[in-house]
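Peer 1: Provided herewith is a single structure, encoded as structure tokens, for subsequent inquiry.
The values are calculated or read from the model by the stated rules, or taken from the named source; none is laboratory data. Just so it is clear, the structure is predicted and the values come from calculations on it, not from any experiment. Here the Cβ positions follow ideal geometry from the backbone for every residue, glycine too, while neighbour counts run over all protein chains shown.
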Amino acid sequence: MTIRLLIADDHRMLREGLSRSMSEQGFDVVGEARDGAEAVSLASSLRPEVILMDVTMPELDGVEACKAIRSDFSEIAIVMLTMHADQEVLTSAIRAGASGYLVKDCSTEEIAEAVRMAARGDTALSPQLAASMLDEVRRLDQPAPETERVVTRREEEVLQLIADGCSTPEVAEQLYISQKTVKNHLASIYQKLDARDRTQAVLRAVRMGIVSLD
């Protein structure tokens, strides 16, 4: 099934270039937004499956637009695009509910794969942002004590593979279990770590010493 994609960027040339590239990659580009406010409006009217969202835009920036969209339409996945691997932006995007985080010097193929991962509920991080994510985790206040490590050994294995960037099918293949079992483990992990998605679960698991980011 073709993935319905909305592109939001205030630079017309980049926006139109992304639209052409993503169409060539097989996506159904249903619309283009010039700023965050228009992205929120088009998300409501067009109901894309995934939004490629620039961070820095007028009217409403990408993070605030992501927060507004995810609040009303939690089924829409959002992949953020940023010029730099900025820790504060990454943290804000995670809290806003974004599903992917890419720097703009990545390839068309990397963007396309991030959109596909977001559409199936996985999280994509470019290497630069993965490094920033680790730095952010290291400086978080109030690290969780050892006694809060409540996940099972199998759940730790699932979490570590997710932290390594594996998708659900890849986790299932490496652990020799079904994708349904992986999803059941993830649901249990979210509940135990009080996390809403994979990215937040990994962040909290790293804080607690359950998994590591290489």
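Peer 1: If Ser74 satisfies all but one of (1) free of Cβ contacts under 8 Å to residues at least 24 places away in the same chain; (2) surrounded by 23 or more Cβ atoms within 10 Å (Cβ to Cβ); (3) of a type in the set (S, T, N, Q), what's the number of the condition it fails?
Peer 2: (2)
Peer 1: Among the residues of the range 65-77, are any among the aliphatic types (A, V, I, L, M) and assigned to a loop (DSSP other than H, G, I, E, B)?
Peer 2: yes
Peer 1: Keeping to the range 185-211, report how many residues are among the small types (Gly, Ala, Ser) and either crowded, with 21+ Cβ neighbours inside 10 Å or closer than 18 Å to Leu90 by Cα (or both).
Peer 2: Of the residues in that region, 3 qualify.
Peer 1: I'm trying to understand the selection: among the residues of the range 12-46, which are of a type outside the set (D, E, K, R), surrounded by 14 or more Cβ atoms within 10 Å (Cβ to Cβ) and part of a loop (DSSP other than H, G, I, E, B)?
Peer 2: Within the range 12-46, Gln25, Phe27 meet the criteria.
Peer 1: Something else about it: Residues Val202, Val182: which one is under 17 Å from the mean Cα position of the chain (by Cα) and either within 26 Å of Ile51 (Cβ to Cβ) or modelled with pLDDT under 85 (or both)?
Peer 2: Details: Val182 fails: under 17 Å from the mean Cα position of the chain (by Cα).
Only one candidate passes the filter, namely Val202.
Peer 1: Give me the pairs: first residue in the range 104-120 and surrounded by fewer than 21 Cβ atoms within 10 Å (Cβ to Cβ), second residue assigned to a helix (DSSP H, G or I), beta-carbon distance under 6 Å, and six or more apart or on different chains, which are they?
Peer 2: Thr108/Ser21
Peer 1: For the range 49-61, indicate whether the set of residues that are at pLDDT below 90 and in a helix (DSSP H, G or I) is non-empty.
Peer 2: The answer is no, given that none of the residues of the range 49-61 is at pLDDT below 90 and in a helix (DSSP H, G or I).
Residue-by-condition table, conditions (1) more than 16 Å from Thr108 (Cα to Cα); (2) touching a residue at least 12 places away in the same chain (Cβ under 8 Å); (3) polar (S, T, N, Q):
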site	(1), (2), (3)
Met1	yes, no, no
Arg4	yes, yes, no
Met13	no, no, no
Leu18	no, yes, no
Ser23	no, no, yes
Asp28	no, yes, no
Arg34	yes, yes, no
Ser41	yes, no, yes
Val55	yes, yes, no
